[in-house]
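Colleague: Can you keep this structure in mind? I'll have questions shortly.
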Amino acid sequence: MRRNLAADVGREIAKNLLMALPPVHAWRVRRARTIQGLQSDDGFLERHAFQAIRHLLAQLRSVKGLHIAEIGPGDALTSGLALLAAGAQSYTAIDRFPGPYGSDDAKRGYLALEAAWPNVFPELPWPSYLEARRFPGAYTDQVQTISRPIERVESPRRFDVVCSYQVAEHVSDVGAFAETTARLLAPGGMATHRVDFGPHDCWVQYRDPLTFLRFPDWLWHLMGSNRGTPNRKRHHAFLEAFAAAGLTCETRNLEYFAAEQVDVGRLAAGFRSMPRESILVKTAVYSCHL
């Protein structure tokens with residue numbers, strides 16, 4: 001399907017203006033954002049539950065006994081349940097818009113996770129104390145939530161692990177995101193953030209995956225300031241932010257867009273002046289330490 005750039009810009013502006021209306025904004029916040037995909041998407045549990053476990057086990061080998069904070073888990077705590085099942089001592093969800101974690105839809109996700117667990121992680125027996133049907137309400141001593149934007153989180157607690165998956169590309173201030181990560185880490189702790197630098201929403205349908213970088217900042221703001229659209233910060237900006245926050249950062253699992261897919265000459269001026277390698281990063285996993 002051939003896209004009409006002007007029409008898509010108009011639709012995105014209209015959506016953004018609607019989200020500025022309090023009733024529309026309140027409806028959107030209440031509406032489930034991720035768990036609705038459970039019934040129709042075979043990869044739902046992999047992305048929203050098992051991805052966190054796989055990333056952490058690849059770096060730490062075990063999460064047993066660890067206190068873990070996840071930024072932006074979505075509208076169900078499937079990853080939190082999975083982390084507790086793998087042996088974590090506690091799980092804290094940090095989300096500006098906390099979801100209906102105890103809803104019927106969320107419960108279906110927890111039950112599906114528990115049923116799939118023996119086949120996905122046969123080497124990690126499901127704990128006898130942990131019951132998906134009672135999660136998270138029966139486990140308030142181990143599961144906590146912080147309902148604030150990550151850039152403004154203040155917590156007396158420190159965590160062994162601070163993690164996020166496909167969240168950092170949406171934060172309003174990458175520098176504050178990195179600083180909060182550093183504040184939340186316990187001595188010897190690790191932060192891991194997977195960032196998706198690619199297109200979202202209608203822009204995924206364009207042949208050039210970086211079409212969304214063609215717009216000047218004022219126009220991008222007009223299309224998404226009320227909707228949590230990507231901040232468009234590139235790979236080098238995250239490296240600089242983590243370093244400025246006093247974090248030592250290792251980059252893992254770098255993926256790139258094919259250079260022939262991208263027309264760099266059509267990008268907005270600010271992006272054309274950035275390092276080409278940084279512009280072409282599609283996804284990255286950052287492993288950070290104090």
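The values are calculated or read from the model by the stated rules, or taken from the named source; none is laboratory data. Note that the coordinates shown come from a computational prediction; the quantities given were computed from them, not determined experimentally. When we count neighbours, we look across all protein chains shown, and the Cβ atoms used for this are built from the backbone with ideal geometry, even at glycine. Heads up: the accessible areas ignore ligands, DNA and RNA and are worked out on the full protein's heavy atoms, side chains in. Shrake-Rupley method; radii C 1.70, N 1.55, O 1.52, S 1.80 Å.
Colleague: Residues of the stretch 1-44 being in contact with a helix residue (DSSP H, G or I) (Cβ under 9 Å, 6 or more places away or on another chain), in a helix (DSSP H, G or I) and modelled with pLDDT under 75, which ones?
Modeller: The answer is V24, H25, R28, I35, Q36, G37, L38.
Colleague: Condition check: within 14 Å of the chain's Cα centre (by Cα), of a type in the set (G, A, S) and farther than 29 Å from A7 by Cβ. Does A182 satisfy that?
Modeller: The answer is no for A182.
Colleague: Applying the selection to the stretch 217-269, what residues are under 20 Å from Q166 (Cα atoms) and of a type in the set (D, E, K, R)?
Modeller: Result: R227, R232, K233, R234, E240, E250, R252, E255.
Colleague: Could you pull out the residue among G80, G72, G87, G102 that is at pLDDT below 95 and open to solvent by less than 40 Å² (accessible area, probe 1.4 Å)?
Modeller: None of the others qualify; the one that does is G72.
Colleague: In the stretch 214-252, which residue that is under 18 Å from the mean Cα position of the chain (by Cα) and of a type in the set (A, V, I, L, M) is farthest from A191 (Cα to Cα)?
Modeller: Going through the qualifying residues, I end up with A237.
Colleague: Sticking with this structure for a sec: When D173 is evaluated against the numbered criteria (1) farther than 26 Å from L267 by Cβ; (2) open to solvent by 30 Å² or more (accessible area, probe 1.4 Å), which criterion, by number, is the only one it fails?
Modeller: (1)
Colleague: Pull up the stretch 64-77, narrow it to residues that are of a type outside the set (K, R) and without any contact (Cβ under 8 Å) to a residue 40 or more places away in the chain, then point me to the one that is nearest to E46 (Cα to Cα).
Modeller: In this case the residue turns out to be P73.
Colleague: Condition first: out of contact with any Phe, Trp or Tyr (no Cβ under 9 Å at 6 or more places or on another chain), open to solvent by less than 20 Å² (accessible area, probe 1.4 Å) and in a strand (DSSP E or B). Now tell me which residues in the stretch 139-164 satisfy that.
Modeller: Within the stretch 139-164, F159, V161, V162, C163 qualify.
Colleague: Of the residues in the stretch 120-130, how many are farther than 13 Å from G87 by Cα and under 26 Å from the mean Cα position of the chain (by Cα)?
Modeller: Summing the residues that are farther than 13 Å from G87 by Cα and under 26 Å from the mean Cα position of the chain (by Cα) in the stretch 120-130 gives 1.
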